[in-house]
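See structure below.
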Amino acid sequence: MIKVGIVGGTGYTGVELLRILVNHPGVELCVITSRSEAGTPVADMYPNLRGHTELKFTVPDTATLGACDVVFFATPHGVAHSLAAEILATGTRVIDLSADFRIQDADEWEAWYGQPHGARELLPEAVYGLPEVKRDDIRTARLLAVPGCYPTSVQLGYLPLLENNLLPEQTLIADCKSGVSGAGRGAKVGSLLCETSESVMAYGVAGHRHLPEIRQGLAWFAGKPVSLTFVPHLMPMVRGIHSTLYAFAPDLDASVDLQTLYEERYVNEPFVDVMPAGSHPATRSVKGSNMCRIAVHHHADTGQIVVLSVIDNLVKGASGQAVQNMNLMFGLDETAGLNHVALMP
Ligand SMILES: NC(=O)C1=CN([C@@H]2O[C@H](COP(=O)(O)OP(=O)(O)OC[C@H]3O[C@@H](n4cnc5c(N)ncnc54)[C@H](OP(=O)(O)O)[C@@H]3O)[C@@H](O)[C@H]2O)C=CC1
Ligand SMILES: CC(=O)N[C@@H](CCC(=O)OP(=O)(O)O)C(=O)O
């Protein structure tokens, strides 16, 4: 059994990790930290876990975390910067759900996150954990950066087009909507029921910190810089991300069938489902599951391409993808513990 520790167990990604890991056949949960809730039984705070774990929250401590095989960080940005090196030094592997190691250019990270990069020396070995692209690197990673929620849905949506060099120089447009759990569990006026229900609003139009992360990934796929407009919106729902992705390919060779291209690219991917032509995937169809559902629409007469990509921000967009990466890192079945069917309705 793989011994697992979690730093930051009281946030939404932390409790989602617990929900997945308590039923994982290859895992023994050993440590779960919270400084503010130290001593509290986990199941007292999260009654959905009653009967599934006897663990209590403890304060983070390198000795106990270092006795684990892997430690997940479900903490705000900057925490993994300060703790990852000492945990790696014990031989324990690290999976970070924050953005600390996602962007390879430390100066760019500092510009977007507004704080000094606390672990530049670790960046060369950090692996970006998008299994559909980096599976071989993930298997041997010691330090793994779990992609952000918006970046996961946008990158998987554009990947087949960019990998096959089907989009000429242009500005791509990603119009994305998120549920409120994406803002985390911390109390904020903007997350209140009265602020979010019966209303939709864009935010971060001037620049959102996921933009450099998405651009980094799209440039890897295309082999050159990609211009992108990214506009996130807050939706009156708890979970889910819906990305409507636009591209324009007026000179696309008539022999290219985008439906077939997408189906063939993802045929062996356990967590990407290419929907039948003409589909409109709903966030509800992935709620609670690690699946990304994608539909591609192509208006051959105008050259307009519209890709729809939906995920659960807390599962494929965070904790599920983190466990998918753990499975790969430890040579387990990639889908172990992740076969949840989405909740309907
Ligand atoms: N919500 C989402 O949809 C997604 C979130 N993420 C990322 O996952 C991370 C966690 O987010 P979320 O689950 O919303 O959690 P929160 O940010 O709400 O919770 C943070 C957790 O970290 C702990 N923590 C805070 N500061 C420290 C510290 N200095 N040292 C040790 N532990 C600390 C807190 O416990 P305590 O203070 O008691 O120790 C708490 O358990 C963030 O980086 C977020 O950006 C990624 C993808 C999607
Ligand atoms: C709805 C909402 O507020 N979503 C968050 C993104 C989710 C997230 O936590 O992303 P990171 O892991 O990169 O921090 C936001 O826009 O900041």
Legend entry - Which of LEU166, LEU218 has the fewest Cβ neighbours within 10 Å, and the rest in rising order: LEU166, LEU218
Legend entry - Computed [θ] at 222 nm, helices only, for the chain once each DSSP H run of length n ≥ 4 contributes -39500 (n - 2.57): -8000 deg cm²/dmol
Legend entry - Computed over the chain: relative contact order in percent, which uses C-alpha pairs under 8 Å that are six or more apart: 17
Legend entry - Rg/Rg_globular for region 2-125, with Rg_globular taken as 2.2 N^0.38 Å and Rg from C-alpha atoms: 1.08
Inset, instruction - May I have the pair-distance distribution P(r) for region 150-313, computed from all Cα-Cα distances with 10 Å bins from 0 and rounded to whole percent? - result: 10, 39, 35, 13, 3, 0
Legend entry - Rough spin-label spacing in nm, given labels placed 7 Å along Cα→Cβ, for SER227 and ASP61: 5.6
Legend entry - Relative contact order (%) - region 56-108, alpha-carbon pairs under 8 angstrom, separation at least six: 39
Legend entry - Along each principal axis, Cα extent of the chain, largest first, Å: 63, 44, 39
Legend entry - Selected from LEU122, VAL22, GLY91, residue furthest toward positive end of dipole (region 2-125; charges at beta carbon): VAL22
Inset, instruction - Just add up the charged neighbours of ALA318: K/R +1, D/E -1, any other residue whose Cβ is under 10 Å from the Cβ of ALA318. - result: -1
Inset, instruction - Have a look at GLY204, GLY129, GLY14 and tell me which one the Gaussian network model of the chain (Cα, springs below 10 Å) gives the largest fluctuation. - result: GLY204
Inset, instruction - Multiply the residue gap between ASP137 and GLU121 by 0.36 nm, knock off their C-alpha separation, and tell me the result in nm, one decimal place. - result: 3.9 nm
Legend entry - Estimated FRET transfer efficiency when R0 is 51 angstrom, pair GLN170-GLU54 (beta carbons, to 0.05): 0.40
Legend entry - Spatially proximal lysines relative to LYS316 (Cα-Cα < 21 Å; intrachain offsets below 8 disregarded): LYS134, LYS177, LYS287
Inset, instruction - Give the longest segment of the chain that steers clear of trypsin sites (Lys or Arg not before Pro) in DSSP loops with at most 12 neighbouring Cβ atoms within 10 Å, not counting the sites themselves. - result: 189-345
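FYI, it's all coordinate maths here, none of it is from the lab. Here the structure is a predicted model, which is why all the values come from computation and not from measurement. All Cβ positions, glycine included, derive from the backbone under ideal geometry; neighbour counts span all protein chains shown.
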